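*Asks:* I am attaching a structure below and will ask some questions about it afterwards.
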């Protein structure tokens, strides 16, 4: 049963999380340029990301395999991507770092994961050897066998797991592997995700919960199918977005909740997947990932991503979030664990900032926020039936926060604060948030419980429809009952 919450209004002059050099920073690590299948130069994409839309960090992460154009879009002889990563992409990233010394630019690659689809792999490095070697050895589309110094392992799921293990062994604090649009082609089973996280818990720690391509006719580019599982059941509904979110995230008690329900530190992120202005929003224009970083070093960015202290948002519905769980003087933020004794109360505090307008020129309003809670049990083991389980039946909307007074005020928007108490906590659990500008039971948009409906119901997607349907999601806080 949903419980009401006390809602208070507070105006604050500073950005959320501002604490010396520690703050929430915004970025995008899945974008494309002329060098693969994009329609702009790297400079143009970076200028939009930094100068126009104010991102703090950015990663080039375009397809492995081959390049058939140079950085200006001119045709070139087909060249292996591991080569152009060194000779064309990296020099641009290096030079742009000098132009933007107060920003973080990362060289990455969109990995064609063997037997699966895509993942963003990034390296915070001062040279391109690591990313080039990774692409050569492990990308499913790289068929080059010319290098005697590197063996290839790019044809099986086991090879993909070994690739993650290679990252974990060699670059545990300076790389990441994030699954891209995980449900789009139904090539990732939850057992695969568990395999990756087991092989590299410090590098394979998340997925695109809010995928890119939010302006495409089929939102998120999720236009493939139909799809059938091993039993012949049509699972096409899983290969669609719901309020712009991947099914694994949008489904309460679904795959993401199943992972959290065994205590996995596995987070969600959001990206533009920018290719061209016709089908995609520019980096930072519509989609943002906010990550709490403790400093301005590249290692601080990786640490922030790995920590899980992050939230994702569409259309700038909010641009600040302080979400904590507290007992007495002890508190935990997103990605952290609050330890309490059985029977104690836990106070949940949600403080969020609504900007005055977004990049579409719309006045913004949060209709409601859901506090979602699920129980946490032991980590499941490979080879057991539970290893393929993709549900968490304990997950539910514990409380809903809403109020007619939630309207942006002032020239730069408004901060709001919501508090709620979990009484007599007795089981290990986690809590996470989702919020939206939509009401409950909006035809073709939300159901009677406030869940987002499949985006196909509103017809072909475009920028106007994307901006009319806004959501944000937080990463979880774990509660450990002792």
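The values are calculated or read from the model by the stated rules, or taken from the named source; none is laboratory data. Quantities reported herein were computed from a predicted structural model and do not represent experimental measurements. Cβ coordinates were reconstructed from backbone atoms using ideal geometry, including for glycine residues, and neighbour counts include every protein chain displayed.
*Asks:* Spot the failing condition for residue 405; the list is (1) in a loop (DSSP other than H, G, I, E, B); (2) modelled with pLDDT of 90 or more, and only one is missed.
*Replies:* (2)
*Asks:* Pick from 204, 160: which is crowded, with 24+ Cβ neighbours inside 10 Å and either in contact with a helix residue (DSSP H, G or I) (Cβ under 6 Å, 6 or more places away or on another chain) or assigned to a strand (DSSP E or B) (or both)? So that I can check it myself, show each step before the final result.
*Replies:* Working: 160 fails: either in contact with a helix residue (DSSP H, G or I) (Cβ under 6 Å, 6 or more places away or on another chain) or assigned to a strand (DSSP E or B) (or both).
Criteria check complete, one pass: 204.
*Asks:* Of the residues that make up the range 77-98, is at least one in contact (Cβ under 8 Å) with a residue 60 or more places away in the chain and in contact with a strand residue (DSSP E or B) (Cβ under 8 Å, 6 or more places away or on another chain)?
*Replies:* yes
*Asks:* Still on this structure, I have one more. Could you list, in sequence order, the residues of the range 452-482 that are in a loop (DSSP other than H, G, I, E, B) and out of contact with any helix residue (DSSP H, G or I) (no Cβ under 7 Å at 6 or more places or on another chain)? Break it down stepwise before answering.
*Replies:* Initial filter on the range 452-482 (in a loop (DSSP other than H, G, I, E, B)): 453, 459-462, 469-470, 475-476, 482.
Passing the criteria: 453, 459, 460, 462, 469, 470, 475, 482.
*Asks:* Consider only pairs whose beta carbons are under 6 Å apart and that are at least six residues apart or on different chains; among these, list those whose first residue lies in the range 206-218 and is in contact (Cβ under 8 Å) with a residue 12 or more places away in the chain and at negative phi and whose second residue is in a loop (DSSP other than H, G, I, E, B) and surrounded by fewer than 22 Cβ atoms within 10 Å (Cβ to Cβ).
*Replies:* 215/279; 216/279; 217/460
*Asks:* Identify, please: which residue in the range 25-37 is out of contact with any helix residue (DSSP H, G or I) (no Cβ under 9 Å at 6 or more places or on another chain) and surrounded by fewer than 24 Cβ atoms within 10 Å (Cβ to Cβ) and is, among those, nearest to residue 316 (Cα to Cα)?
*Replies:* Across the range 25-37, the extreme among qualifying residues is 26.
*Asks:* In addition: List pairs: first in the range 160-182 and on the phi > 0 side of the Ramachandran plot, second in a helix (DSSP H, G or I) and buried (at least 24 other Cβ atoms within 10 Å of the Cβ), Cβ under 8 Å, 6+ apart or cross-chain?
*Replies:* Filtered contacts from the range 160-182: 181/220.
*Asks:* Looking only at the range 297-332, which residues are more than 17 Å from the chain's Cα centre (by Cα), in contact (Cβ under 8 Å) with a residue 60 or more places away in the chain and more than 30 Å from residue 362 (Cα to Cα)?
*Replies:* Residues satisfying the conditions are 298, 299, 325, 332.
*Asks:* For the range 276-296, state whether one or more residues are touching a residue at least 24 places away in the same chain (Cβ under 8 Å), part of a strand (DSSP E or B), surrounded by 22 or more Cβ atoms within 10 Å (Cβ to Cβ) and over 21 Å from the mean Cα position of the chain (by Cα).
*Replies:* No; the residues of the range 276-296 include none that is touching a residue at least 24 places away in the same chain (Cβ under 8 Å), part of a strand (DSSP E or B), surrounded by 22 or more Cβ atoms within 10 Å (Cβ to Cβ) and over 21 Å from the mean Cα position of the chain (by Cα).
*Asks:* Is it true that residue 132 is crowded, with 22+ Cβ neighbours inside 10 Å and assigned to a helix (DSSP H, G or I)? Working first, answer last.
*Replies:* On the way: crowded, with 22+ Cβ neighbours inside 10 Å: yes; assigned to a helix (DSSP H, G or I): yes.
In short, yes.
*Asks:* Something else about it: Those residues that are within 26 Å of residue 146 (Cα to Cα) and assigned to a loop (DSSP other than H, G, I, E, B), I need them from the range 70-129; list them, please.
*Replies:* Once the filter is applied, which keeps residues that are within 26 Å of residue 146 (Cα to Cα) and assigned to a loop (DSSP other than H, G, I, E, B), the range 70-129 yields 70, 71, 74, 113, 114, 115, 116, 117, 125, 126, 127, 128.
*Asks:* Just give me the residues in the range 412-451 being part of a loop (DSSP other than H, G, I, E, B) and in contact with a helix residue (DSSP H, G or I) (Cβ under 9 Å, 6 or more places away or on another chain), in sequence order. Reasoning before the result, please.
*Replies:* Of the residues in the range 412-451, the ones part of a loop (DSSP other than H, G, I, E, B) are 412-413, 423-428, 437-445, 447-451.
Answer for the range 412-451, where residues must be part of a loop (DSSP other than H, G, I, E, B) and in contact with a helix residue (DSSP H, G or I) (Cβ under 9 Å, 6 or more places away or on another chain): 437, 438, 443, 444, 445, 451.
*Asks:* Restricting to the range 26-55, what's the tally of residues that are assigned to a loop (DSSP other than H, G, I, E, B) and over 16 Å from the mean Cα position of the chain (by Cα)?
*Replies:* Adding up the residues that qualify gives 12.
*Asks:* Tell me whether the range 250-260 contains one or more residues that are more than 20 Å from the chain's Cα centre (by Cα), crowded, with 17+ Cβ neighbours inside 10 Å and either assigned to a loop (DSSP other than H, G, I, E, B) or touching a residue at least 12 places away in the same chain (Cβ under 8 Å) (or both). Talk me through it step by step, then tell me what you get.
*Replies:* Kept after step one, since they are more than 20 Å from the chain's Cα centre (by Cα), are these residues of the range 250-260: none.
No, that holds for no residue.
*Asks:* Quick one: would you say residue 343 is touching a helix residue (DSSP H, G or I) at 6+ places or on another chain (Cβ under 9 Å) and either free of Cβ contacts under 8 Å to residues at least 40 places away in the same chain or not in a strand (DSSP E or B) (or both)?
*Replies:* Details: touching a helix residue (DSSP H, G or I) at 6+ places or on another chain (Cβ under 9 Å): no; either free of Cβ contacts under 8 Å to residues at least 40 places away in the same chain or not in a strand (DSSP E or B) (or both): yes.
No: the conditions fail for residue 343.
*Asks:* Report yes if some residue within the range 366-385 is loosely packed, with under 14 Cβ neighbours inside 10 Å, without any contact (Cβ under 8 Å) to a residue 40 or more places away in the chain, more than 21 Å from the chain's Cα centre (by Cα) and not in a loop (DSSP other than H, G, I, E, B); otherwise report no.
*Replies:* Checked the range 366-385: at least one residue is loosely packed, with under 14 Cβ neighbours inside 10 Å, without any contact (Cβ under 8 Å) to a residue 40 or more places away in the chain, more than 21 Å from the chain's Cα centre (by Cα) and not in a loop (DSSP other than H, G, I, E, B).
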